[in-house]
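The block underneath contains the structure these notes are about, expressed in structure tokens.
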Amino acid sequence: MARNIQSLERAAAMLRLLAGGERRLGLSEIASSLGLAKGTAHGILRTLQQEGFVEQDGASGRYQLGAELLRLGTTYLDVHELRARALVWTDDLARSSGESVYLGVLHQHGVLIVHHVFRPDDSRQVLEVGAMQPLHSTALGKVLSAFDPVAHTEVMEAERKEFTARTVCELDALEEVLDLTRARGFAADVEETWEGIASVAAPIHDRRRMPVGAVGVTGAVERFCTNGELRPGLIAAVRDCARAVSRDLGAGRF
């Protein structure tokens, strides 16, 4: 059986202690409550403080939970609610489109797939929940980059890899693509990331009208395009799904 890492156990206990109190705690109180030497407790607190998980009051020197811990918790709750609200609508989209459906959120300079509905046929498919996609070339990534200011900054500052001859990497050209995405309300990727594969995605907004994710369909180019143009019905289905999830999140009508 694998051994637990003692320093992590102590840090976790320290965070639980700070979370359970109604006031800030001093170093002596923390060390005494956890049965630690002051030097050991101070070292852990200093590390947690550097990472933003703990804050120290400048006047009293006492400690409390930090903003970074709150941000991580809020992110988890947001993603959990987003996925829960999207389950029925993404299933419906997979059935109506006959294609794979992906739900993605911004994470570490890319798109994190948080939900994946298989294409409704008997083909062999691999679950891609937890996979990362690039911001600049995928439909999900373009949607996030167009509507989320943080994602926009990240895609503009990041190194943009050329996956195929169709990948848009040049800054001005990519900005034009994102402008078009905002104007149309959806993004497309036709063999820009993978040869022979196309995708369409639209933004999901929360009750504050803030972009919290994107939903899209992915499949073979020949099924997505007719005479070189994306199927209007497919675009409409994706946008309807995004609106439905947004409404369930409290965004109202778009």
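The values are calculated or read from the model by the stated rules, or taken from the named source; none is laboratory data. Because the structure is predicted, anything quoted here is derived from the model rather than measured. Neighbour counts are summed over all protein chains in view; Cβ atoms, including those assigned to glycine, are modelled from backbone coordinates with ideal geometry. For accessibility, only protein heavy atoms count, side chains too; no ligands or nucleic acids. Shrake-Rupley method; radii C 1.70, N 1.55, O 1.52, S 1.80 Å.
Would you be able to tell me the number of residues in segment 129-150 that are in a helix (DSSP H, G or I), buried (at least 24 other Cβ atoms within 10 Å of the Cβ) and not aliphatic (A, V, I, L, M)?
Final tally of qualifying residues: 3.
Under 8 Å between Cβ atoms, which residue pairs at least 6 apart in sequence (or on different chains) link something in segment 227-244 that is farther than 12 Å from Glu99 by Cβ and free of Cβ contacts under 8 Å to residues at least 60 places away in the same chain with a partner that is of a type outside the set (Lys, Arg) and open to solvent by 50 Å² or more (accessible area, probe 1.4 Å)?
Every condition considered, the pairs that remain are Arg243/Phe254.
State whether the residues of segment 200-214 include one that is open to solvent by less than 30 Å² (accessible area, probe 1.4 Å), farther than 17 Å from Phe147 by Cα and either assigned to a strand (DSSP E or B) or in contact with a Pro (Cβ under 6 Å, 6 or more places away or on another chain) (or both).
No, because not a single residue in segment 200-214 is open to solvent by less than 30 Å² (accessible area, probe 1.4 Å), farther than 17 Å from Phe147 by Cα and either assigned to a strand (DSSP E or B) or in contact with a Pro (Cβ under 6 Å, 6 or more places away or on another chain) (or both).
Take segment 170-188 and flag every residue that is in a loop (DSSP other than H, G, I, E, B) and open to solvent by less than 30 Å² (accessible area, probe 1.4 Å).
Gly185, Phe186
Can you go through Ser96, Ser100, Ser32 and tell me which one is open to solvent by 80 Å² or more (accessible area, probe 1.4 Å), under 28 Å from Gln133 (Cβ atoms) and at pLDDT 90 or above?
Ser96
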